[in-house]
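The values are calculated or read from the model by the stated rules, or taken from the named source; none is laboratory data. Everything numeric here is computed off the predicted structure, so don't read it as measured data. Because the Cβ atoms are built from the backbone with ideal geometry, glycine has one as well, and the counts that use them run over all protein chains shown. In case anyone asks, the SASA skips ligands and DNA or RNA and just uses the protein heavy atoms, side chains included. Shrake-Rupley method; radii C 1.70, N 1.55, O 1.52, S 1.80 Å.
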Amino acid sequence: MAKKVETIDMVDRFSEFKELKNIDKTTMISVLEESFRSVIAKMFGSDENFDVIMNPDKGDCEIYQNLTIVPDGEVTDPAKQISLTDAKNDPEDPDPDCEVGEEHTKKIDFAKFGRRAILNLRQTLASKILDLQKDAIYSKFKEMEGEIVSGEVYQLWKKEILLLDDDKNELLLPKDQQIPTDFYRKGETVRAVIERVDNHNNNPKIIVSRTSDNFLRRLFELEVPEIHDGLIVIRAVARIPGERAKIAVESYDDRIDPVGACVGVKGSRIHGIVRELKNENIDVIPYSNNPYLLIQRALSPAKVSTIRLDNETMRAEVFLHPDEVSLAIGKGGLNIKLASKLTGYEIDVYRDLDENDIYLEEFKDEIEPWVIEALRNIGCATAMAVLDTPREKLIEKADLEESTIDHVLAVLRAEYEEETSEE
């Protein structure tokens, strides 16, 4: 009798475990039945002639073995056959009127199979529930890809951080998905976006990111009700995590200023996002379908004079007043990099030419193309721009040899000296 109670208690305990793991009742009944059948198949070689009936309200299970009645002495497979005499005198369910060829149903007390069978059932059930739980976790978080989650720092490693959400699910924040200035201690709460969910060998791994463009998008959705409600749409995002970001927004309602709504009164809405991103400087610009206008806005605060587009190569030649070139490029080239990413055009910046200036490309027979490219990258696309820049600064910023810079300067000066002599 004690063994019977142990079996029922076992089902009860797993029923409680089911509630904790949020596995629905129907699925749990199916898993329990499969587990019993798996153990029965191991013990009898097959579960085909067994009926397994789960009683979730009672918390127990009834098992019936269907046996074919054969004449006495002709039983060849005890797992599927029973002799006529044994069927008539079955202590659990005697059937005195049964005949050979009929089916006799015998009730099975699982507890009588012993502790090993019960242990086997426990292990089988636990394994199936674990697989179910992994499937549930994978499905849940796969649907949440691109959404923000919060987790508590549980373990810090060299290459990643382990976070636990409120349900104790494990989230991995790799080093390359952390903002460079991120620094965390155990127990701190971290917000990130679900970057992807892997499921190798039915072992779900949830990767989260703080450097993803989607993280910035979702933060704006949380802070700006108009974006959440669909009145304002984020058209493009470009980020250099921890440094600077640009975001292009558009309003479906002419009465709503999309930039003003995103920034908030005195920056009230954007300040929280900037703090979350470790003081990442964020430029919000109004989106335009006109690529000329979009590039002009993306290069803000620089003021653009002229733009030439090549839509086949997706390159843009932007001409600015000499004083605006450094603003367009930005510190460390951040502004032009972000503008290129935001607009989808590879942007080349040029100074507006005065009547005496000449583009460096005109000297390609005397100056190597890669040298011209290096000078263009620091905003010196014309002869006057190079000559107006101190020699030491050219060497440092363009990362060129002194002899190379001296050769360039000599070529350019010779050109202007020649023009002067001709005059």
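Points worth noting:
- Contact order, relative form, for region 78-157: 14 percent (alpha carbon pairs under 8 Å, 6 or more residues apart, mean separation divided by residue count).
- Accessible carbon and sulfur surface of region 291-417 relative to its total accessible area, %, 1.4 Å: 46 percent
- Shape call, region 236-355: gyration tensor on alpha carbons, a/c limit 1.5: prolate
- Listed by chain and number, the lysines whose alpha-carbon sits under 17 Å from that of residue 397, ignoring those within fewer than 8 places in the same chain, are 331, 337.
- Straight-distance candidates among the lysines for linking to residue 186, with alpha-carbon spacing under 20 Å and chain neighbours fewer than 8 residues away dropped: 158, 159, 168, 175, 278.
- Take every Cα pair under 8 Å whose residues are at least 6 apart in sequence, average their separation, divide by the length of region 91-226, and the relative contact order is 21 percent.
- List 185, 269, ordered by accessible area with a 1.4 Å probe, largest first: 185, 269
- Accessible-area order (highest first, 1.4 angstrom probe) of the listed residues 228, 271, 104: 228, 271, 104
- At 1.002 mPa s and 20 °C, Stokes diffusion of region 186-286 via Kirkwood alpha-carbon radius, µm² per second: 147 µm²/s
- Placing pseudo-labels 7 Å out from each Cα toward the beta carbon at residue 191 and residue 46 gives an inter-label distance of 6.1 nm.
- Relative packing of 173-179, 201-207, 240-246, which averages over residues the other C-beta atoms within 10 Å, highest first: 240-246, 173-179, 201-207
- Per-bin percent of Cα-Cα distances, region 319-358 [10 Å]: 30, 49, 18, 3
- Cα gyration tensor shape for region 130-233, rounded if a/c is under 1.5, else prolate or oblate: oblate
- For volume of the Cα convex hull per residue in Å³, calculated from these coordinates, the label among [x] 130; [y] 266; [z] 154: [y]
- Taking the Cα centre of the chain as origin and assigning +1 to Lys and Arg Cβ atoms and -1 to Asp and Glu Cβ atoms, the resulting dipole is close to 2020 debye.
- Rolling a 1.4 Å probe across all protein chains gives residue 259 an accessible area of roughly 30 Å².
- If R0 is 30 Å, the Cβ-Cβ spacing of residue 169 and residue 271 corresponds to a FRET efficiency of close to 0.45.
- Rolling a 1.4 Å probe over the heavy atoms of the protein chains gives the chain an accessible area of 56 Å² per residue.
- Cα gyration tensor category, rounded, prolate or oblate, for region 95-141 with a/c compared to 1.5: oblate
- Taking only protein heavy atoms and a 1.4 Å probe, the accessible area of region 84-156 is 45% carbon and sulfur.
- Amide N of region 98-121 lying under 14 Å from the label point, which is placed 7 angstrom from the Cα of residue 53 along Cα→Cβ: 105-109
- Environment charge at residue 233 (Cβ cut-off 12 Å; Lys +1, Arg +1, Asp -1, Glu -1): -3
- Accessible heavy-atom area order of 314, 28, highest first, probe of 1.4 Å: 314, 28
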